[in-house]
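Inspection log for the structure reproduced underneath, given as structure tokens.
Please treat every number below as a calculation from the coordinates, not as lab data. Just so we're clear, the structure is a prediction, and the values are computed from it rather than from any experiment. All Cβ positions, even for glycine, are placed from backbone atoms using ideal geometry, and neighbour counts span all protein chains on display.
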Amino acid sequence: MAKNKVICTVNDVDYLSIRKAMTAGARTIEELVEHAGVCTECEGCKSELDAILASVCGCMKVSLEAVVNAVKNGADTVEKVGEVTGAGTGVNEETGEECGKCKGLIQNIIDLGR
């Protein structure tokens, strides 16, 4: 499970703000500029934005591409995407509780088909 940290040091944009923008539909760096306020020029933006955009589930290391492909192949619920990819099925090792932080993003991918 990803911990929150500042990614864009110029505009003080943290990881969770970027993920919220993705859950709202942002899929490109340009859309993250618009919706999350990242600068794209600082070291954090240059070194981390591409990887954040490419990942859906950090717990299970599931990519955006894998989730999009699952949806295109008929997985039409968060649970079905989880069955196919493992996304959204991670468990917090410290508490033993289901993580599920990526489920909103998975639902958005299902809704938008991208």
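Spacing of the modelled spin labels on Asn92 and Arg114, each 7 Å from Cα toward Cβ, amounts to 3.4 nm.
Put simply, the amide H of Ser55, placed in the peptide plane, has neighbours under 5 Å in Leu64, leaving out anything fewer than 5 places away on its chain. Amide H to amide H distances under 5 Å link Cys8 with Val13, where only residues 5 or more positions off or on other chains count and H is placed in the peptide plane. Using a cut-off of 19 Å between Cα atoms, the listed pairs Lys3/Lys101; Lys3/Lys61; Lys20/Lys80 include Lys20/Lys80 as exceeding that distance. Here the relative contact order of the chain, from alpha carbon pairs under 8 Å that lie six or more residues apart, stands at 24 percent. Binning the C-alpha pair distances of segment 1-45 at 10 Å intervals from 0 yields a P(r) profile of 34, 57, 9 %, listed from the shortest bin outward.
Listed values (i) 50, 14, 9; (ii) 24, 17, 10; (iii) 22, 16, 13 include one computed from this model; for semi-axes √(5λ) of the Cα gyration tensor in Å that value carries the label (ii). Charge dipole (Cα centre; +1 on Lys/Arg Cβ, -1 on Asp/Glu Cβ; no other charges) of segment 6-112 amounts to roughly 260 debye.
Based on C-alpha pairs under 8 angstrom that are at least 6 apart in sequence, segment 1-42 has a relative contact order of 39 percent.
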